[in-house]
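Structure first, then comments.
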Amino acid sequence: MDERVIGRSGQWASVVGLGTWQLGADWGDVDDKEALSVLETAAESGVTFFDTADVYGDGRSEETIASFLSSRPDLHVLVATKMGRRVEQLPENYVLDNFRAWNDRSRRNLGVDRVDLVQLHCPPTAVYSSDAVFDALDTLVEEERIAAYGVSVETCAEALTAIARPNVASVQIILNPFRMKPLAEVLPAAREAGVGIIARVPLASGLLSGKYTKDTVFAPDDHRTYNRHGEAFDQGETFSGVDYGTGVEAAAEFAALAPEGFTPAQLALRWIIEQDGVTTVIPGARNPAQARANAAAAKLPPLPPQTAAAIRELYDRRIKDQVEHRW
């Protein structure tokens with residue numbers, strides 16, 4: 001699989017990575033054997049970038065990745081984790097002592113002395129403007145606890161603030177055919193600054209797979225049940241902030257745009273890969289078949305111009321007014 005450099009870090013990631021939120025929590029139950037099978041299939045399909053966080057299953061996702069990689073020393077996989085969501089979301093909690101403690105825990109969970117890439121995990125907006133926060137992250141690099149750092153953001157404004165920081169290697173942001181606002185300013189700014197873009201929530205929490213109807217019922221412990229209106233965390237993380245009913249209808253239109261040989265999910269992933277400035281896209285997978293199909297999007301042919309134009313028209317007509325003023 002093709003790889004791209006993660007901005008200023010000098011590290012490389014496959015154009016399709018693997019997001020591992022679902023291997024920890026918040027997507028219904030995934031047992032340990034299935035989780036390891038997902039990691040194995042992704043790696044065998046050419047994926048060299050795993051994205052996790054200390055809060056996914058309170059460390060379970062990190063530990064699962066460590067277990068898998070310890071059994072496969074032949075593999076080179078870059079592991080990015082995130083920190084900051086295990087405490088109350090107050091700017092004053094984002095200090096060096098806490099960073100060291102959070103990093104110690106992630107290094108233990110991952111079984112490494114130095115983490116490849118650490119990202120602030122959608123912290124309060126004020127954090128992105130704090131010199132002390134980024135000085136502390138520089139200290140973690142100097143202490144060889146981490147090789148590089150980035151941020152995960154909710155809004156385009158937060159992304160632009162972070163991109164202006166001289167040592168930020170990457171910005172992780174929601175980008176998919178139902179969340180196009182980053183194309184206007186964030187991706188051009190990242191390209192100009194040499195900052196990597198990690199595209200998350202690429203399938204709009206599964207909407208863009210075309211598998212769901214208005215009658216679909218998700219498990220009680222699945223965020224697609226309990227966070228539709230932002231009850232637990234930012235609403236934009238669930239269905240990309242799109243109203244579910246509208247999303248299902250728009251997803252059916254989207255699925256009809258898939259060229260021959262593409263699934264709707266692969267169409268979404270291929271569209272993201274082709275956006276200038278994207279480093280990697282990190283779909284999740286609940287089973288090996290999904291992991292294999294996601295990785296295969298990297299080998300599909302470029303989208304016809306008329307397909308890309310139709311995706312934009314659908315977004316402008318059905319989705320844009322719901323999401324652009326918020327994120």
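The values are calculated or read from the model by the stated rules, or taken from the named source; none is laboratory data. Because the structure is a prediction, the values reported are computed rather than measured. A quick note on method: Cβ atoms are made from the backbone with ideal geometry, for glycine too, and the neighbour counts reach across all protein chains shown. Note: accessible area is taken over every heavy atom of the protein model, side chains too, but ligands, DNA and RNA are not part of it. Shrake-Rupley method; radii C 1.70, N 1.55, O 1.52, S 1.80 Å.
Normalised by the number of residues in region 130-283, what is the relative contact order in percent for Cα pairs under 8 Å and 6+ residues apart?
Taking the mean separation of contacting Cα pairs over the length of region 130-283, I get 24 percent.
Between helix 131-142 and the chain, what is the angle of the helix's C-alpha long axis to the longest principal axis, kept within 0 to 90° and rounded to the nearest 10?
70
Any idea what the dipole of the chain comes to, in debye rounded to 20, about its Cα centre with Lys/Arg Cβ at +1 and Asp/Glu Cβ at -1?
In debye, rounded to 20, the chain gives about 600.
Relative contact order (percent) for region 222-310, with alpha-carbon contacts under 8 angstrom and 6 or more residues of separation?
It comes to 21 percent, rounded to a whole number.
When all protein chains stay in place, what accessible area (Å², nearest 10, 1.4 Å probe) is found for residue 320?
About 80 Å², ignoring ligands and nucleic acids.
What is the chain's relative contact order, in percent, from Cα pairs under 8 angstrom and six or more apart in sequence?
It comes to 22 percent, rounded to a whole number.
Tell me, what HN-Hα J-couplings in whole Hz come from the Karplus equation 6.51 cos²θ - 1.76 cosθ + 1.60 at θ = phi - 60° for each residue of region 167-180, using x for Gly and Pro?
Those phi angles translate into 10, 6, 8, 8, 10, 9, 8, 6, 8, 6, x, 9, 9, 9 Hz.
Past the 22 angstrom mark, what percentage of all C-alpha to C-alpha distances in region 243-327 do you count?
Here the tail beyond 22 Å accounts for 30 percent of pairs.
Using just the helices of the chain, give the 222 nm mean residue ellipticity in deg cm²/dmol: DSSP H runs with n ≥ 4 each add -39,500 (n - 2.57), and the total is spread over all residues, rounded to 500.
Computed mean residue ellipticity for the chain: -10500 deg cm²/dmol.
Give me the distance between the Cα centres of region 256-327 and region 86-155, rounded to whole Å.
30
Find the Rg to Rh ratio for region 215-258, where Rh is the Kirkwood radius over alpha-carbon pairs and Rg uses the same atoms.
A ratio of 1.03.
Quick one: P(r) of region 78-137 from all Cα-Cα pairs, 10 Å bins, percents rounded to integers, in order of increasing distance.
Histogram of Cα-Cα distances, whole percents per bin: 22, 57, 21, 1.
Local charge sum around residue 180 (other residues, Cβ-Cβ under 14 Å, Lys/Arg +1, Asp/Glu -1)?
0
Output the direction-averaged projected area (hull surface divided by four) of the convex hull of the alpha-carbon atoms of region 1-112, in nm².
About 7.7 nm², averaged over all directions.
Could you pull the Rg and Dmax for region 136-281, using just the Cα atoms, both in Å?
Values for region 136-281 (Cα only, Rg and Dmax): 16.9, 52 Å.
For region 44-161, what is Rg from Cα atoms divided by 2.2 N^0.38 Å, rounded to two decimals?
1.06
Projecting each Cα onto the charge dipole of the chain (Lys/Arg +1, Asp/Glu -1 at the beta carbon, about the Cα centre), which of 70, 95, 187 comes out farthest on the positive side?
187
Out of the DSSP beta bridges found with both residues in the chain, what percent are antiparallel (nearest 5)?
Given both bridge residues lie in the chain, the antiparallel proportion sits at roughly 15 percent.
I need the Kirkwood Rh of region 183-251: take the reciprocal of the average 1/r across all distinct C-alpha pairs and report it in angstrom.
Taking the inverse mean of 1/r over all distinct Cα pairs, region 183-251 comes out at 13.5 Å.
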